[in-house]
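The values are calculated or read from the model by the stated rules, or taken from the named source; none is laboratory data. Since the structure is predicted, the reported quantities are computational estimates derived from the model, not experimental observations. Neighbour counts are summed over all protein chains in view; Cβ atoms, including those assigned to glycine, are modelled from backbone coordinates with ideal geometry. Surface areas here come from the heavy atoms of the whole protein model, side chains and all, with no ligands, DNA or RNA. Shrake-Rupley method; radii C 1.70, N 1.55, O 1.52, S 1.80 Å.
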Amino acid sequence: MKKAWMRFLGYVITFMTIFTGVVGITINFRPLYVFDITYLKIPETVGLSKTVVLENFQKLMNFLNFFWVKELKTPDFPMSEAGYGHFVDVKQLFILDYVVFLLLVIPCFYFLRKMIQTGQKWRLNSFFKKAALIPLLLGGVMALGFNTFFVAFHQLFFSNDDWLFDPRTDPIILALPEEFFMHSFILAFVLLEGVFLLGLFLTRDKKALKN
């Protein structure tokens, strides 16, 4: 029974390591925003050049990513108190994601190594097979209506309504359209599914047939 619980804990650690790693990659995947600036015609929407939009976006990302950056300054996008407060909340989630990943990545490595060394690749194969269903399910829910999914996401992770930006007081929301966040979620689900499928492939062996 104790070994079963230890394995379960190992599976949770593995999933959370992969999940937080994928989130970290996605939120810092600058090429996606560079692509969307042109694809979504963001400069035309905000009345600024692509270079200026990117400079403000980078200042925002620096604030969200680095705990030592204490002030958010987007010179070309004035911000309300509520808007600023939302980005403070987002920063806390970013830092939490990085902390969880750094805390779990080494235990995850040792768990996977032990499972392989003790001839339990077939158990990992079963884990990855089940885990691969999660991005598909989430993607399916998102496909039913992204706006509903987006609202539910914010209601789950934020305890206030500061994320409901008013373009008149927080014009930065025009530079961060909903379509960009949809593309970010798609990227995250694709990466997550890709990692699980890779894990499924790498753990294939004859013992996998037992499950």
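When you check Ile116 against the structure, is it assigned to a helix (DSSP H, G or I), closer than 30 Å to Thr203 by Cα and modelled with pLDDT under 95, yes or no?
yes
Please go through region 1-45 and pick out each residue that is in contact with a Ser or Thr (Cβ under 9 Å, 6 or more places away or on another chain) and without any contact (Cβ under 8 Å) to a residue 60 or more places away in the chain.
Answer for region 1-45, where residues must be in contact with a Ser or Thr (Cβ under 9 Å, 6 or more places away or on another chain) and without any contact (Cβ under 8 Å) to a residue 60 or more places away in the chain: just Pro43.
Output the residues belonging to region 75-93 that are under 22 Å from the mean Cα position of the chain (by Cα), open to solvent by 40 Å² or more (accessible area, probe 1.4 Å) and hydrophobic (A, V, I, L, M, F, W, C).
Val88, Leu93
Being touching a Phe, Trp or Tyr at 6+ places or on another chain (Cβ under 9 Å), at pLDDT 95 or above and over 26 Å from Phe185 (Cα atoms): is that true of Phe128 here?
So Phe128 does not fit the description; no.
I'm trying to understand the selection: among the residues of region 131-149, which are closer than 18 Å to Leu187 by Cβ, small (Gly, Ala, Ser) and free of Cβ contacts under 8 Å to residues at least 40 places away in the same chain?
Gly140, Ala143
Any residue in region 180-204 that's of a type in the set (Asp, Glu): show its pairings with residues that are surrounded by fewer than 19 Cβ atoms within 10 Å (Cβ to Cβ) and in a helix (DSSP H, G or I) at Cβ separation under 9 Å, as long as the two are six or more apart or on different chains.
Note: pairs meeting the criteria are Glu193/Ile134; Glu193/Leu136; Glu193/Gly139.
With the condition being open to solvent by 30 Å² or more (accessible area, probe 1.4 Å) and among the small types (Gly, Ala, Ser), I'd like the helices (runs of 4 or more DSSP H) fully within region 126-211 carrying at least 2 qualifying residues.
133-144
From the list Asp76, Asp36, pick out the single residue that is of a type outside the set (A, V, I, L, M, F, W, C), in contact with a helix residue (DSSP H, G or I) (Cβ under 8 Å, 6 or more places away or on another chain) and at pLDDT 95 or above.
Criteria check complete, one pass: Asp36.
Mind telling me which of the residues Leu96, Leu103, Leu72, Leu32 ends up being hydrophobic (A, V, I, L, M, F, W, C), within 18 Å of the chain's Cα centre (by Cα) and open to solvent by less than 40 Å² (accessible area, probe 1.4 Å)?
Checking each option against the conditions leaves just Leu32.
Would you mind telling me which numbered condition in (1) polar (S, T, N, Q); (2) farther than 23 Å from Val99 by Cα; (3) buried (at least 19 other Cβ atoms within 10 Å of the Cβ) Thr14 fails?
(2)
Show the residue pairs that are 6+ apart or on different chains and have beta-carbon atoms under 8 Å apart, the first residue being within region 116-127 and closer than 14 Å to Phe8 by Cα, the second being of a type in the set (Ser, Thr, Tyr) and part of a helix (DSSP H, G or I).
Matching pairs, first to second residue: Phe127/Tyr11; Phe127/Thr14.
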